[in-house]
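For reference, the structure is listed below as structure tokens.
The values are calculated or read from the model by the stated rules, or taken from the named source; none is laboratory data. Owing to the predicted nature of the structure, the values given are computational and were not obtained by experimental measurement. Cβ placement follows ideal geometry from the backbone for every residue including glycine, while neighbour counts extend to all protein chains displayed.
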Amino acid sequence: MYKINMCIILLVAMTFSLRGQESVVVPDTTQKTTEKKFVTRDKGDTIVIKVGGKNVILSEDAEDATVTDRSGTNTKRKSSSGEKNGRVIYQEKDNGDEYTVTVGSEENPIVEYIEKDDTIYVRWGKKGIKIIETPDGSTIKVVRDENWTKKNKKRRKHFKGSWQGFEVGVNNYLTPDFRFPGDFLEVYDGKAWNRNFNLIQYSMSLSRSGKVGLVTGLGFRMNDYKLTGNNSITEDGTGYIVSLPYGQNLKMSKLHVDYFTVPLLLEFHTGHYSKGFRMGFGVIGSLKLRSYTKVKWYENGNKYKNKSKGDFNISPLDAAATIRAGVNGFDIYANYSLVPLFKKDQGPEVYPLAVGVGFRF
């Protein structure tokens, strides 16, 4: 009920410019005479709504509404589905995705409160307000369309995907026959890191329930391939990628590639996006930004390193099939590139593979 209190206070403040007053009188547009009034008073954890000659008292922790006359001498208890003279005094519904409170009849409510994820609607008569919660604060709009509630009910419910966040996992690559390469490209298990910074997200609902949708956005990917051999990579005289052996005993040798990423995902949710189980699959397109090799070794107690920037015949564009599943702010994912790591006929044919966990925000 605390949300109801705050919403009605905002309604009164923005619509009638009477901020700070204890009570506000609004004509009840469902009545033909001006004698009937709709009055609200906020008393901390209790809100009083006067409807004509009756008071509807809503408590923060009460499931029922107390109905009294204006003098307060006669008190009756009405359940959330109770009726009096054919009119529902107070009704509350919560289906998980939408929370609705109605004062008056469902067909012709005197005041109606609807909460759907980050948007709140408050309607009285043929007027109302829409409050949209954003990272920068609340945006409040006055609604004057008499059919706005009907239109709102036909709209798809809010959907939020699960791309935005941070992901970390391990890298490797597979040959066309789905084997790990055993030559100079062999990498250490658990030491070849995949890190994804998914910074921007856009979600679009594909269902009325808001449980199926498309997700896209922007991100940044860093791939490290730490080689097991005492070698790095280089181009031979024909421009083909080959092994570059070292006489020193290398402490570390890796190939590093950075990408700019854009996903296109189809997601399915069993419940509200912040609760329940979700699964998604799709394609992540990537544009290579830079690549380099780096080696480290020790000699006579001294540490040496060599970093070489270059193209290394890395494919400039990549498209990876992805599948992911999770709950709350946690995911697991697997990405498999449909494009070879190296350009065709300019290096070994291997396809990057990454598996890891994601943390959503």
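Condition check: modelled with pLDDT of 90 or more, in contact with a Ser or Thr (Cβ under 8 Å, 6 or more places away or on another chain) and hydroxyl-bearing (Ser, Thr, Tyr). Does Tyr259 satisfy that? Taking the combined requirement at face value, the residue satisfies it.
Results for (1) of a type outside the set (A, V, I, L, M, F, W, C); (2) surrounded by 20 or more Cβ atoms within 10 Å (Cβ to Cβ), shown as yes or no for each residue.
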{"residue": "Arg208", "(1), (2)": "yes, no"}
{"residue": "Leu214", "(1), (2)": "no, no"}
{"residue": "Gly217", "(1), (2)": "yes, no"}
{"residue": "Arg221", "(1), (2)": "yes, yes"}
{"residue": "Gly237", "(1), (2)": "yes, no"}
{"residue": "Ile241", "(1), (2)": "no, yes"}
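Within the stretch 152-165, can one find any residue that is hydrophobic (A, V, I, L, M, F, W, C), surrounded by 14 or more Cβ atoms within 10 Å (Cβ to Cβ) and assigned to a strand (DSSP E or B)? Checking the stretch 152-165: not a single residue is hydrophobic (A, V, I, L, M, F, W, C), surrounded by 14 or more Cβ atoms within 10 Å (Cβ to Cβ) and assigned to a strand (DSSP E or B).
Checking each residue in the stretch 269-295 for being more than 27 Å from the chain's Cα centre (by Cα) and either more than 30 Å from Tyr333 (Cβ to Cβ) or β-branched (Val, Ile, Thr) (or both) picks out Thr293, Val295. Just one of the listed residues (Lys157, Lys130, Lys141) is at pLDDT below 90 and touching an Asp or Glu at 6+ places or on another chain (Cβ under 6 Å), and it is Lys157. Would you mind stating whether Leu353 is in contact with a Leu (Cβ under 7 Å, 6 or more places away or on another chain) and either touching a residue at least 40 places away in the same chain (Cβ under 8 Å) or not assigned by TED's automatic domain parsing to the domain that holds Arg221 (or both)? Answer is yes for this residue. Note on the stretch 245-275: residues that are without any contact (Cβ under 8 Å) to a residue 24 or more places away in the chain and part of a strand (DSSP E or B) total 1.
Would it be correct to say that Tyr333 is in contact with a His (Cβ under 9 Å, 6 or more places away or on another chain), among the aromatic types (Phe, Trp, Tyr) and surrounded by 14 or more Cβ atoms within 10 Å (Cβ to Cβ)? Here the answer is no, as Tyr333 does not meet what is asked. There is no residue in the stretch 170-189 that is within 13 Å of Glu267 (Cα to Cα) and either surrounded by fewer than 17 Cβ atoms within 10 Å (Cβ to Cβ) or out of contact with any Asp or Glu (no Cβ under 8 Å at 6 or more places or on another chain) (or both). For the stretch 169-207, taking the residues that are among the small types (Gly, Ala, Ser) and outside any strand (DSSP E or B), the one that is nearest to Asn335 (Cα to Cα) is identified as Ala192.
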